[in-house]
Every structure is written in C-alpha cells, then in structure tokens.
Amino acid sequence: MLVRIDRWFGRLLGLVGAGVGILIGLMAVVMSVDVALRNFGPGNLAWVVEVSEYILFITAFLGAPWALRQGAHIRMDLVVLSLPPAGRVAVEILGDLLGLAVSVVMLWYGLAAAQDAYKTGTVIIKFLVVKEWWSLSIVPVAALLLSIEFLFRLARLKGAGGSDQVGTP
C-alpha cells in the first residue's frame, strides 16, 4: 500500500516539476518579449519584472520537492559514496531526518505567516496589487511536499538495507 502511495506521490511531484518547467519557460518568453518591445517597439511590459519575481519564488519553493525526489537536490555525493554501505545508510537517514525537521518547521511558520497575512488582509503594492497570503501560501505547500518526500525517502531507506540505490525513488 505504501509503495502505491509513494508512486502516486511521485507522479504528483512529476506534475509539479512540469508546472515549474512551464513557468520558467513562460517567464523566459515574456521577458524576451519585454526586451524586444523595449528595444524595438513602443515601450515595455511594466509588470514583467514583478511577475518574474513571483515566478522565481514559486519555482524555487515548488521545484525543491521535485528535485529532492529526482535525487537532484543538494548533496555531497563524493563524501557519501566514499562510505561503506552501512555508513551511507546512516548518513542518508541523518540527512533525511534533518531535512524533515527543517521542512516541518518551514511548514509550521509558513502556515502561521500565511494565516496572519490572510487575517490582516495585507497586500503587496508594486505595479500589481497582490494579497500577501497568496504568495506566502507557497511556502507551506512546498514544505508539506518536502516533508512527505522526506518521509518516503526514510521508508525507502528502511527497505534499501545499504544498497547502492540509497535514497532514490
């Protein structure tokens, strides 16, 4: 049962990763159009820089769980791979427990910040007017996805028993 949920969650993170890729591509296209309009056309798209800031924020947070799932997150492979299998498992468990703890703290404080911004009705006023809780809500969503992935990584480690495929889906 846990394996099926893990696979389903992997597909969900695949969709998140695809969404992140689409956002980055969209940002590149819109920024290119803005530069072209500024250099060759009547002016520029004033909202592009601000929207790009939001896209960078969203993609950094939502891209992290996908990258973790792919094994593409920040690692010290040279150190880990130089350890014997039992040491690899121990280091992976320690790293995943630390990552889980940080993710849970981010989830807690991210929820508190988003909830506070919602209650107070805080808005961000630049070119666009955006309710602050909209952007802050990305943090707890990403932290929840990270927390779940760290739990699945720990479950996979339990089943790996020191293999060379430690921590990979």
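The values are calculated or read from the model by the stated rules, or taken from the named source; none is laboratory data. These numbers come from a predicted model, not from an experiment. In this analysis, Cβ positions are derived from the backbone assuming ideal geometry, glycine residues included, and neighbour counts consider all displayed protein chains.
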query: What number of residues in the stretch 121-145 are charged (D, E, K, R) and in a helix (DSSP H, G or I)?
result: 1
message: Looking at the structure I just gave you, is V89 touching a residue at least 24 places away in the same chain (Cβ under 8 Å), of a type outside the set (K, R) and under 19 Å from R153 (Cα atoms)?
response: yes
- prompt: Hey, among the residues in the stretch 91-104 that are out of contact with any helix residue (DSSP H, G or I) (no Cβ under 8 Å at 6 or more places or on another chain) and among the aliphatic types (A, V, I, L, M), which one's farthest from P140 (Cα to Cα)?
  reply: L94
message: Suppose we filter the stretch 72-99 for residues that are among the aliphatic types (A, V, I, L, M), surrounded by 13 or more Cβ atoms within 10 Å (Cβ to Cβ) and in contact with an Asp or Glu (Cβ under 9 Å, 6 or more places away or on another chain); how many remain?
response: 1
query: Any idea which residue in the stretch 68-79 is nearest to A142 (Cα to Cα), counting only those that are outside any loop (DSSP other than H, G, I, E, B) and without any contact (Cβ under 8 Å) to a residue 24 or more places away in the chain?
result: D77
field: Test result for I124, touching a helix residue (DSSP H, G or I) at 6+ places or on another chain (Cβ under 7 Å) and modelled with pLDDT of 95 or more
entry: no
query: Which one is surrounded by the fewest Cβ atoms within 10 Å (Cβ to Cβ), of the residues in the stretch 45-63 that are under 27 Å from L100 (Cα atoms) and small (G, A, S)?
result: A60
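Yes/no per residue for (1) surrounded by 12 or more Cβ atoms within 10 Å (Cβ to Cβ); (2) at pLDDT 95 or above:
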position	(1), (2)
L15	no, yes
V20	yes, yes
I24	yes, yes
V33	yes, no
L37	yes, no
G43	no, no
P65	yes, yes
Q70	yes, no
